Structure formats: structure tokens, C-alpha cells
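Trainee: This is the structure, below, for whatever I ask next.
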Amino acid sequence: MSKRVFNFGAGPCTLPLPVLEEAQKEFTNFSDSGMSVIELSHRSKEYDAVHQEAMTLSKEVFGVPDEFEVMFIQGGATLQFSMIPMNLLQEGQKAAYVNCGAWSKKAIADAKVYGDIYLAWDGSEENFIRMPKAEEYALSENTRYLHITSNETIGGIRMTEWPEVDVPLVADMSSDYMSRSIPWEKFDLVYGGAQKNLGPAGMAIVFIRKSICAEENKNLGSYLRYDLHCGKESLYNTPPVFSIYMMGKVLKWMKSQGGLEGMEKSAIEKSGTIYDVIDNSDGYFNNPVDEASRSWMNIVFRLPSEELEQKLIKEATAAGIIGLKGHKSVGGCRASCYNSLPMEGVKALKEFMELFQKNNPA
Ligand SMILES: *Cc1c(COP(=O)(O)O)cnc(C)c1O
């Protein structure tokens, strides 16, 4: 493959070319240290500058208020499925979860290992075609938090209304992280894996309300305790330096592209372009979710037959448009348009889809 492809994969994601080129240029001799960033001591002044900048930028770009601390924790979003109930739930407390698709199911399954969990809303009977409305939650007493998934990566649905509830929210934002502003006052904890909107895989970025940091959890192993990560500036142990370094560069790039507002605008434009192709196809392409819950990041669509879906994926790949295969659990096609995916790629996909329809009538 001689040139870069347009990567519509659901994760890990495509990253901005200037970011990759900059990393390549400084790889063997970072900041005149005579070594690469992944060989440097994580206590060195050269690495410290990288680390501090990534922490500062993550809060700045996302507009995170001072009441929150940022933590880079290994184990991706998946480890947070366990760490959250382990740390937040005290004796006699329950946690409410929204079941809105594949990822929320995993969060629920892990939480059940550690605590008293119930569903405040369940989309399974409607086949996960939409997110709940702001007032649609059934909460019971002694609920410590309501866990939501802001964007379901596999089902292609997005939360457009934040819950109007009396308990703090905890949110998995892995697949639409830092692509829109959020009402921080509603949240106790926001987390997500880095590899969809922000950088390479290998860690979760966790924004935690500082008041939670005071809660000691002596019955957990050290790495699992938020209170031990608090105030340690993500240096409780050796951090995933390469992921942090790359994410810092992506955040800087995001800032140069208009920050959160720029990302939101671009997400609306990119997803809108593809939904337009779908809506203007006379039913040839079909997006199976409720229009109001359509994801800006993961656009799922079906064709008149599975044969045509396979043909489309194959021909798109040959044309340098890759990653369109839907998740194996649901089939069909999915175009993921994360922050770093250029509009140019979306235009290429639009033209490809229109031509494909013309050449392959149902
Ligand atoms: C990808 C994804 C995860 C899992 O992230 P890992 O970092 O691989 O653990 C969790 N939640 C959502 C919504 C995702 O899209």
C-alpha cells in the first residue's frame, strides 16, 4: 500500500497525518535527549513536559472544570467497568445502569460482579434503536450513580438529551469523547478509552470529581484505587508514555482545529454528509436507528442484501476506503467518523456509495 487509506474503522481510529509525521520525525531523538520518548525515564524532565502538557490539554480542550481531576489509567475503558463500582459503591448503595447496547451490557455485566446493580432504562425490547429521553429513567432509593453510555459504538446511537435525574452521572464516552461539550455539573465521573477519538489504545482518560478522591478504599489492590491515583498526576506507576505522548499531540491538533467546537462542527458535517447519502438513496441504504438518536461517530447502514454489503466492503477496500464492515454481532456496514477522520475521506465515501448504488441496482 503506497498511500494512506481513509480509515473508517471503529477503533483504533485514524490519527491526523501531521501528528504521525511529527512523531516519526522526533522518534529516534526526542527533544535532544539522544533517545526516543519510549526509552526516556518517566521521571525525566523531557518526559515530564510531555506528561504535563497532555494533562493540561485534556482538561483545556474538553472544558473540564477545576472540581475534576484527570487520570490516565491503563486497561482501557474496560477496566473502568470494574473500577467504577468497586470504588464508588458503599455498603447499602445501588447503582443504576442504562442498557442501550453492546458496550453498556459489558459495563453492566462487570458492575454486577461488585455491587447491587439495576436497570434504570432498558432499550433491549426496542432492539436498541434509540437512547432514552431526559425524563425516562426509573431510579430507586440509595442509588449512588446512574451509568450511561453517551454513544453506542456498535449500535450507532447517541445520547442527545442528558438525563434529568437527582443522582450523579457516570459516563462511558469512549466513542464520542471530546466531540461535544457536556454539562459537567451533572457528572461525578467521565471516562473513555483513548483509541477512538484521542490517540493510541492502552489507556482510559478518567475525569473524576475531586471529592470522590477523599474516599479511601483499603479493601482494593493499589492500582484499582482511585484515591491512590488522586493527586499522583497519573504517575502512580510507570504510565503508558507512548499513548500519552501521542494523545498530547492529537489534543494539540484538535486545539488547532477549533477545539471542542471545531470537533462538534466537523462531526455534524461529516455524519450529516453520510446520512444524506443514506436518506437520498430511496431506501437502498438503510440506517436502522431512530433519527433522533443517530450517532455522529458511528454510522450504521444496511444494503438490500448481504451479498451487496460484502461487495461494497470489498470494493471500498480496493478503493482505499477501509473499515466499513459492521460489528460481527450485528453485521451490515458501519462508517466510523472520529475526530481525526478528514472531510476528504467522507467525500470519497459519499461518492463511492452513490456510484455503488448506480452500478449495483437492488
Ligand atoms: C471501544 C469501547 C469500549 C472499550 O474500550 P477499551 O479501551 O478497548 O477497553 C468501551 N465502551 C465503548 C462505548 C467503546 O466504544
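Trainee: Got a sec? Which of Lys232, Lys265 is in the same structural domain as Ser211 (by TED's automatic domain parsing) and open to solvent by 40 Å² or more (accessible area, probe 1.4 Å)?
Mentor: Step by step, each of Lys232, Lys265 is checked, and only Lys232 is in the same structural domain as Ser211 (by TED's automatic domain parsing) and open to solvent by 40 Å² or more (accessible area, probe 1.4 Å).
Trainee: Could you please tell me which pairs satisfy a Cβ distance under 6 Å, a separation of 6+ or placement on different chains, a first residue in segment 21-42 that is closer than 24 Å to Ser234 by Cα, and a second residue that is of a type in the set (Phe, Trp, Tyr)?
Mentor: Hits for this filter: Ser36/Phe27; Ser36/Phe30; Val37/Phe30; Val37/Tyr245; Ile38/Phe242; Leu40/Tyr47.
Trainee: Moving to a separate point now. Suppose we filter segment 191-201 for residues that are surrounded by 24 or more Cβ atoms within 10 Å (Cβ to Cβ) and either more than 9 Å from the ligand (Cβ to nearest atom) or part of a strand (DSSP E or B) (or both); how many remain?
Mentor: 6
Trainee: Would you pick out the residues in segment 74-107 that are more than 13 Å from the ligand (Cβ to nearest atom), part of a loop (DSSP other than H, G, I, E, B) and of a type in the set (Gly, Ala, Ser)?
Mentor: The answer is Gly92, and nothing else.
Trainee: Still on this structure, please answer the following. Can you list the helices (runs of 4 or more DSSP H) found entirely within segment 230-343 that contain at least 1 residues being closer than 30 Å to Glu39 by Cα and not hydroxyl-bearing (Ser, Thr, Tyr)?
Mentor: Here the list reads 241-256.
Trainee: Please indicate, with yes or no, whether at least one residue in segment 43-61 is buried (at least 19 other Cβ atoms within 10 Å of the Cβ) and not in a helix (DSSP H, G or I).
Mentor: Checked against the condition, which is being buried (at least 19 other Cβ atoms within 10 Å of the Cβ) and not in a helix (DSSP H, G or I), segment 43-61 yields no hits at all.
Trainee: Report the residue count in segment 161-189 for those that are in a loop (DSSP other than H, G, I, E, B) and away from the ligand (no atom under 16 Å from the Cβ).
Mentor: Qualifying residue count for the region: 10.
Trainee: Further, regarding this structure: Name every residue in segment 314-359 that is open to solvent by 70 Å² or more (accessible area, probe 1.4 Å), polar (S, T, N, Q) and touching a helix residue (DSSP H, G or I) at 6+ places or on another chain (Cβ under 8 Å), in order of residue number.
Mentor: Selection gives Ser329 alone.
Trainee: Can Arg158 be described as at pLDDT 95 or above, assigned by TED's automatic domain parsing to the domain that holds Glu91 and farther than 29 Å from Gln90 by Cβ?
Mentor: So Arg158 passes the test.
Trainee: While we're here: For segment 150-172, what are the residues that are of a type in the set (A, V, I, L, M) and open to solvent by 10 Å² or more (accessible area, probe 1.4 Å)?
Mentor: Passing the criteria: Ile154, Val165, Val167.
The values are calculated or read from the model by the stated rules, or taken from the named source; none is laboratory data. As the structure is a prediction and not an experimental result, all values here were calculated from the model. Glycine gets a Cβ as well: all are built from the backbone with ideal geometry, and neighbour counts include every protein chain shown. These accessible areas exclude ligands, DNA and RNA; they are computed on the full protein's heavy atoms, side chains included. Shrake-Rupley method; radii C 1.70, N 1.55, O 1.52, S 1.80 Å.
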